[in-house]
Amino acid sequence: MKQNQPHAFTKRGLRRIAIAVFTGFVAACTYSVPSHAQTIRIEATTKSMDWNAVALAGGHVFVAGPRWSGFSGPAVGLLTKNGKIEPFPDADWNGWKPGRDATHRFVSVNALHVAPDGTLWVVDTGTPSFGGAPIPEGAKLVRIDPATGHVLRIYPLDPDIAQAGSYIDDIRFNGRHAYLTDAGKAALIVLDVETGHARRVLDNDVSTRARTDRPIVMDGHVVESHLHQPLLVNVDPLEVSPDGKWLYFGPLEGPWSQVPTALLDDPKVSSADLSAAVKPWADLPPIGGSAMDAAGNLYFTNLKDNGVYQRDVSWKDHETDLGFTSALGGCTLSCSERSSLAARRATGPSSDVPSEAISHHTAVSAGIYRSSMTIKRRDSRLRDAFSRAKVPAKSPCFGGRVHL
């Protein structure tokens, strides 16, 4: 074995984990008729983008990927019926280059998320290189009408919010507030959606910092940022409880904590009091994406074994038949589908579930896979369902069309 191979894995692993972990993907998920059989087909592929964000909004499929991954496609794209990717909302928004004004252009999009009102939110880190400083006017949130492409509002993230070393990661909504994670500088960001005012909270708190004793393992190797230096990703995943009273969050490596949203939303609460209110919530492994349904069940991708798991309200972990997705993609649920999922779980199969929701889309690096699915508990044999489905080794999820 050549001596430079471990270092080669370091670079490959760093890029792969970065693509995997910074995921803002919205999927349409619900129960299908219970069945042990699954069919998987490739819904769309690309050689021009590394998709780490997918959103379903207004009857359209939107994709995005970070600039530092080296893609040549648009920062945000609309998948057409013939499988092509059109810049969204237009070419100019996707035309940023060094030296050009970034106020009305995407610099490096990390996440897409659909708000409760159905609008599409784009999280632009403003950082053209992974780990670099955001450029002036680059870090922002962009709220768009998915049906028309009309930009409804831009929320600039000033340098005191998106700081040097920040990586604005993902977003969740709760009433008039939105919560974001900074995976670079270890903090939560609370945004007042009405006024546009943003605050950093739990800055460098123990609950938002990555722990050195919880390495990220993929393909049987510890992922490293540099040779013999495990990659550390600060606060990354987050979810709001169904009743809106709690925010659950944690470093990518875990564990997760919880904090009352009433305290997060109150700017008068001191840093010390807010930190004291944080309590442990769940000891989860390193994950690539998460979703919470209306009943409080959490679904997450496990980076170590490329599986998707359900953590039910009794806090037990089960593998689900969503497990066909690679850890290179994440999963979240839109509000309407959370309700359908919870109702279906409580009552069993029902004709009331919208037919368009009986599907599952997932982003797997440069591919989107669609499958009918059954969510069920499984007590043992937590395996990668891609192996069971015998997906060809040349498929995008295994790097056949992605240079890692």
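The values are calculated or read from the model by the stated rules, or taken from the named source; none is laboratory data. Here the structure is a predicted model, which means the values were calculated and not measured. Neighbour counts are summed over all protein chains in view; Cβ atoms, including those assigned to glycine, are modelled from backbone coordinates with ideal geometry.
As an exercise: evaluate I135 against (1) part of a loop (DSSP other than H, G, I, E, B); (2) among the aliphatic types (A, V, I, L, M); (3) touching a strand residue (DSSP E or B) at 6+ places or on another chain (Cβ under 8 Å) and give the number of the one condition it does not meet. Result: I135 fails condition (3) only.
Considering only the range 118-139, I want to know if a residue exists there that is closer than 22 Å to L78 by Cβ and without any contact (Cβ under 8 Å) to a residue 12 or more places away in the chain. No. Give the residue that is nearest to K279 (Cα to Cα), with candidates limited to residues of the range 208-233 that are small (G, A, S) and more than 19 Å from the chain's Cα centre (by Cα). Result: S225. Is it the case that some residue within the range 235-257 is surrounded by 19 or more Cβ atoms within 10 Å (Cβ to Cβ), in a helix (DSSP H, G or I) and modelled with pLDDT of 95 or more? No.
Within the range 67-110, being touching a strand residue (DSSP E or B) at 6+ places or on another chain (Cβ under 9 Å) and among the hydrophobic types (A, V, I, L, M, F, W, C) holds for A75, V76, L78, L79, I85, F88, W93, A102, F106, V107, V109. Residues that are touching a helix residue (DSSP H, G or I) at 6+ places or on another chain (Cβ under 8 Å) and closer than 24 Å to L152 by Cα were ranked within the range 66-94; the one that is modelled with the lowest pLDDT is P66. Residue count for the range 179-207 under the criterion of being within 23 Å of G254 (Cβ to Cβ), touching a residue at least 60 places away in the same chain (Cβ under 8 Å) and either among the basic types (K, R) or part of a strand (DSSP E or B) (or both): the result is 5. Just one of the numbered conditions (1) aliphatic (A, V, I, L, M); (2) in contact with a strand residue (DSSP E or B) (Cβ under 6 Å, 6 or more places away or on another chain); (3) closer than 18 Å to V114 by Cα; (4) surrounded by fewer than 23 Cβ atoms within 10 Å (Cβ to Cβ) is not true of A147: (2).
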